[in-house]
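Undergrad: Below is a structure I'd like to ask you about.
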Amino acid sequence: MRKRKAVKIRNRMRIEKNRIEAFSDGVMAIIVTIMMLNIPLPGSYSRESLTAFLFNIAVFFVSFIVVGAQWVKHLQLFTMCRDISEKVLWRNLLHLFFLSLMPLFTKWIMENPGRVLPAIAYDVLFAAVFLTFHLLHNAVLLDNKRVDEFRRRLQNQNLRRHFSWIAFSLFFLFVIAVVAASFFVPAVSIVFFVALPVISSLFNLWVDGRGGFKKAFFHRKQKLVG
């Protein structure tokens, strides 16, 4: 009887996790689609119009990298987890809320090229996306501390959390410094807007790719095949 109850609970958790993955994938796909549809077509074939069109595509590329990186990290996180708590559900929704604002702020950048305020607002949104995924990541780790892959990650959890919050605090201090500098040199915020999301997202993908995601993914695949 206990084994049957354990199997039922495990199956219920797995179904809940699949629903979270499906919902999150759908939201992120819609986000990318809306951003693409927000790219205005050039009104003419003049150099100014074509330059503005290429700028908008570049802005879309930056946002696409940000959303794509979040999707990959989300996939890696939920591929290894097994148990889902209510805290994870709500933190996942909070993360998706800020991520779903990406098309709006991307459109703001497209319609106001070279303006400081839209670029700063975009970077603040990026910081909110970064923070909410960090909170989601910690919640999933705590829920799955008995899973082998997560147990390995939790060995130095206190030290990891300490340094992660230091890194996040330094990140926000850097954002504040850029905001202050942008009032004197507006081009600073534009460069920061272009460079930070792309570099940070690609760096996070590279770091996560060196972890245990591949092993966990193929181990899960072998279980499904077997």
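The values are calculated or read from the model by the stated rules, or taken from the named source; none is laboratory data. Being a predicted model, the structure only gives us computed values, none of them experimental. Don't worry about glycine lacking a Cβ; one is built from the backbone with ideal geometry, like all the others, and counts go over all protein chains shown. The protein model used for the area step is the full one, side chains on, heavy atoms only, and it has no ligands, DNA or RNA in it. Shrake-Rupley method; radii C 1.70, N 1.55, O 1.52, S 1.80 Å.
Undergrad: Could you please let me know if Ser169 is open to solvent by 30 Å² or more (accessible area, probe 1.4 Å), modelled with pLDDT under 75, out of contact with any helix residue (DSSP H, G or I) (no Cβ under 9 Å at 6 or more places or on another chain) and over 30 Å from Phe53 (Cα atoms)? Spell out the reasoning first.
TA: On the way: open to solvent by 30 Å² or more (accessible area, probe 1.4 Å): yes; modelled with pLDDT under 75: yes; out of contact with any helix residue (DSSP H, G or I) (no Cβ under 9 Å at 6 or more places or on another chain): yes; over 30 Å from Phe53 (Cα atoms): yes.
Yes, satisfied.
Undergrad: Hey, another quick one. Going through the stretch 100-122 one residue at a time, which ones are at pLDDT below 90 and aromatic (Phe, Trp, Tyr)?
TA: Once the filter is applied, which keeps residues that are at pLDDT below 90 and aromatic (Phe, Trp, Tyr), the stretch 100-122 yields only Tyr122.
Undergrad: So which residues in the stretch 6-25 are surrounded by fewer than 11 Cβ atoms within 10 Å (Cβ to Cβ) and at pLDDT 90 or above?
TA: Ala22
Undergrad: Would you pick out the residues in the stretch 93-130 that are assigned to a helix (DSSP H, G or I) and open to solvent by 50 Å² or more (accessible area, probe 1.4 Å)?
TA: Let us first name the residues in the stretch 93-130 that are assigned to a helix (DSSP H, G or I), namely 93-100, 102-111, 116-130.
Those that are assigned to a helix (DSSP H, G or I) and open to solvent by 50 Å² or more (accessible area, probe 1.4 Å): Leu93, Leu94, Phe97, Phe98, Ser100, Leu104, Lys107, Trp108, Glu111, Leu117, Val124, Phe130.
Undergrad: If only one of Leu75, Leu50, Leu94 is under 16 Å from the mean Cα position of the chain (by Cα) and modelled with pLDDT under 95, which one is it?
TA: Details: Leu50 fails: under 16 Å from the mean Cα position of the chain (by Cα); Leu94 fails: modelled with pLDDT under 95.
Result: Leu75 is the single residue among Leu75, Leu50, Leu94 that is under 16 Å from the mean Cα position of the chain (by Cα) and modelled with pLDDT under 95.
Undergrad: So, one more: Based on what the data block shows, is Leu142 at pLDDT below 85 and open to solvent by 50 Å² or more (accessible area, probe 1.4 Å)?
TA: Numbers: at pLDDT below 85: yes; open to solvent by 50 Å² or more (accessible area, probe 1.4 Å): yes.
Taking the combined requirement at face value, the residue satisfies it.
Undergrad: Do we find a residue being modelled with pLDDT under 90 and under 29 Å from Asn38 (Cβ atoms) anywhere in the stretch 80-88?
TA: No - not one qualifying residue is present in the stretch 80-88.
Undergrad: What are the residue pairs meeting all of these: first residue in the stretch 50-79, first residue closer than 22 Å to Gly26 by Cβ, second residue open to solvent by less than 50 Å² (accessible area, probe 1.4 Å) and not in a helix (DSSP H, G or I), Cβ atoms under 9 Å, and 6 or more apart or on different chains?
TA: From residues that are closer than 22 Å to Gly26 by Cβ, the pairs are Phe60/Asn38; Phe60/Ile39; Gln76/Gly211; Phe78/Ile84.
Undergrad: Only residues that are assigned to a loop (DSSP other than H, G, I, E, B) and of a type in the set (Val, Ile, Thr): list them for the stretch 20-74, please. So that I can check it myself, show each step before the final result.
TA: Within the stretch 20-74, the subset assigned to a loop (DSSP other than H, G, I, E, B) is 38-46.
Of everything in the stretch 20-74, just one residue is assigned to a loop (DSSP other than H, G, I, E, B) and of a type in the set (Val, Ile, Thr), namely Ile39.
Undergrad: If I filter the stretch 56-92 down to residues being charged (D, E, K, R) and open to solvent by 40 Å² or more (accessible area, probe 1.4 Å), which single residue comes out as nearest to Ile199 (Cα to Cα)? Show your work before the answer.
TA: Let us first name the residues in the stretch 56-92 that are charged (D, E, K, R), namely 73, 82-83, 86-87, 91.
Imposing the further condition that a residue be open to solvent by 40 Å² or more (accessible area, probe 1.4 Å) reduces the set to 82-83, 86-87, 91.
Values: Arg82: 31, Asp83: 32, Glu86: 33, Lys87: 30, Arg91: 25 Å.
Across the stretch 56-92, the extreme among qualifying residues is Arg91.
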